[in-house]
Amino acid sequence: MNEKRSSFSGNIGFILAAAGSAVGLGNLWRFPYLAAQYGGGIFLFVYLVLLFTFGFSLLILEIAIGRKTKVSSINAYGKLNKKFGWMGILSLLIPVLILPYYSVIGGWVIKYMTVFLTGQGKAAADSNYFGGFIGQTASPLFMFFLFVTLTTVVVGFGVEKGVERVSKFMMPVLILLTIGIAIFVATIPGAGEGIKYYLLPDFSKFSFKTLCAAMGQLFYSLSIAMGIMVAYGSYVKDDIDMNKSVTNIEIFDTLVAVLSGMMIVPAVYIFSGEEGLATGGAGLMFKTLPKVFDAMPMGNFIGGAFFVLVFLAALTSSISLMEAVVSMFMDKFKLTRIKAVLVIYVIVLALGVPSALGYGIWSHITVLGMDFLTFFDYISNSVMMPILAIGTCLLAGWFMNLKDIEDEITKNGEEFKRCGIFRVMIKYIAPVFLVIILVFYTLAQFGFISY
Ligand code: TRP
């Protein structure tokens, strides 16, 4: 681990690294489909409110814990208070569960990338194309395998820096392209209704599910509630202005997500109407965007470029997920880097197979009524991450001196503008709120209550 505890070069280095991990499929694939499903504008509204209160507090807390303890999450919680050592294990398990299904979707991106680059965009615009693809056996498995192997090779050879450099350069291009596509969608007749649906909150559509979904998405998108940002914090130099960096990461991450929704949600409205919003599910981006590209001049080229950029964003995120798991395995089980990488490669391949086959030959098998991919997404985002977040808040707010964390944040005399919000959030609102969400959501999942 010691060789790894290098540090980021200054504010910008840290912001870019954290943004590279944060911006990924969560923003481009997950955010739009949840927004479509959970009421559009109201989802966006709830998300933004949570982001600036809750998301901010938790993100800065995790980074501060990392910088203070200078160890990764597997040991950090226990170092602050022995009673909280179990959270280290949980923080190891979460990325281990996320990485496999993340890679399945990464595989879908590779598939669409090749489809567009080989000029078959027209075929992909067919409504049955996506279902046909994920319903197969060999093809989704192979694409998944390819994505995991690529991630593993990059992590194994320690060439993340190279990939990160490329993707940092590509990120602005991705944003510009997303803006361009969103503008194009806005010009298609009938887009107005969809844009209204996405941007204007309709408070009658608010439900408990909206809140839960927005919360899970917040964790996912900011890569918090899984210990990763603790590890990042441990690489942060002492003279970094955390408050400013965290604000930048938040804004950047959210910008990409909101833009992605702007490109996808109105398009769903145009091509599949109201019922398309509710039924789109995890495949939304893959079903809708090909239709947009098909309606565009140079659709194959633009679609190809777009999926290449999505692929890069997904890859930088999966690399940092795997990197986190690798360093925890090395710490915990005293493995060499190569051994840790190989063990994780095998685990990810094994755990990903059900998710890759869950829409085809294994579609008859469900867990708690969900297909495998949805189940892994649910168990990590809606159960384990809230538990870790509750634990983190209790630890920081009640089982140590929260002032120590605040001092860590303002170590260099920085102004901590949202200190009041931070304190109230961490001590009271966040833990209470999270417990309520967790309990209700679980009861509903098992059919004890309906909401
Ligand atoms: N935030 C990433 C995304 O939006 C996904 C993710 C969740 C992640 N946890 C992570 C990435 C940890 C890297 C490390 O796609």
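Which peptide among 391-397, 243-249 comes first, and what is the full order, when sorted by highest mean count of other Cβ atoms within 10 Å?
Working: 391-397: 23.9, 243-249: 20.9.
Final packing ranking: 391-397, 243-249.
For the ranges 220-226, 282-288, what's the packing order if you count other beta-carbon atoms within 10 Å of each residue, average per peptide, and put the highest first?
Details: 220-226: 26.6, 282-288: 24.4.
The densest-packed peptide leads the list: 220-226, 282-288.
Please identify every one of the GluC sites (Glu not before Pro) in segment 145-205 that sits in a loop by DSSP and has no more than 12 other beta carbons within 10 Å of its own beta carbon. List each step's numbers first, then the result.
On the way: sites: E160, E164, E193; in loops: none.
Within segment 145-205, no GluC sites (Glu not before Pro) qualify (loop, at most 12 other Cβ atoms within 10 Å).
With axes computed from alpha carbons, what is the tilt in degrees of helix 242-279 against the longest principal axis of the chain, rounded to the nearest 10 within 0 to 90?
In the chain, helix 242-279 runs at an angle near 30 degrees to the longest axis.
How big is segment 200-268 in terms of Cα radius of gyration and Dmax, in angstroms?
15.6, 47
How large is the helix-only mean residue ellipticity at 222 nm for the chain, computed as the sum of -39500 (n - 2.57) over DSSP H runs with n ≥ 4, divided by its residue count, in deg cm²/dmol to the nearest 500?
Numbers: 22 runs with 329 residues, N = 451.
Theoretical 222 nm ellipticity from helices: -24000 deg cm²/dmol.
What order, most packed first, do the peptides 99-109, 194-204 have when packing is the mean number of other Cβ atoms within 10 Å of each residue? Walk me through the numbers before you get to the answer.
Values: 99-109: 26.8, 194-204: 16.2.
Most protected by this proxy first, the peptides run 99-109, 194-204.
With a ≥ b ≥ c the root eigenvalues of the C-alpha gyration tensor of segment 1-150, is it rounded (a/c under 1.5), prolate (a/b larger than b/c) or oblate? Intermediate values should be presented prior to the final figure.
Working: a/c = 2.21, a/b = 1.68, b/c = 1.31.
Taking the square roots of the gyration eigenvalues as a ≥ b ≥ c, segment 1-150 is prolate.
What percent do you get for the relative contact order of the chain when only Cα pairs under 8 Å and 6+ apart count? List each step's numbers first, then the result.
Working: 680 pairs, mean separation 154.6, N = 451.
About 34 percent, as a whole number.
Going toward the positive end of the dipole of segment 11-445, with +1 on Lys and Arg Cβ and -1 on Asp and Glu Cβ, which of I365, V154, T187 do you reach last?
Farthest towards the positive end: V154.
From the phi angles alone, apply the Karplus equation (6.51, -1.76, 1.60; θ = phi - 60°) to segment 365-370 and give each ³J(HN,Hα) in whole Hz, x where the residue is Gly or Pro.
Coupling constants for segment 365-370: 8, 10, 10, 6, x, 10 Hz.
In whole Å, what are the extents of the chain along the principal axes defined by its C-alpha atoms, from largest to smallest?
Principal axes ranked by extent give 58, 51, 44 Å for the Cα atoms.
From the backbone phi of segment 173-188, what are the Karplus-calculated ³J(HN,Hα) couplings (6.51 cos²θ - 1.76 cosθ + 1.60, θ = phi - 60°) in whole Hz, Gly and Pro given as x?
5, 4, 5, 4, 5, 4, 4, x, 5, 4, 5, 4, 4, 5, 8, 6
Which of K111/K168; K79/K334; K70/K411; K70/K332 have a Cα-Cα distance over 20 Å?
On the way: K111/K168 23 Å; K79/K334 18 Å; K70/K411 15 Å; K70/K332 16 Å.
Over 20 Å Cα-Cα: K111/K168.
Work out from phi, with θ = phi - 60° and the Karplus expression 6.51 cos²θ - 1.76 cosθ + 1.60, the ³J(HN,Hα) of each residue of segment 233-240, listed in order in whole Hz, and give x for Gly and Pro.
Residue by residue, segment 233-240 yields x, 6, 9, 7, 5, 5, 8, 7 Hz.
Placing +1 at every Lys and Arg Cβ and -1 at every Asp and Glu Cβ, with all other atoms neutral, what dipole size does segment 245-334 have around its Cα centre, in debye to the nearest 20? Kindly include the intermediate steps, with their values, before the conclusion.
Values: 4 positive and 7 negative charges, 48 e Å.
For this selection, approximately 240 debye.
None of the figures in this text is laboratory data; all of them are computed from the coordinates on show. Bear in mind the structure is a predicted one, so any value in this text is a computation, not a measurement. Using ideal geometry, Cβ is built from the backbone for each residue, glycine included, and neighbour counts are taken over all protein chains shown.
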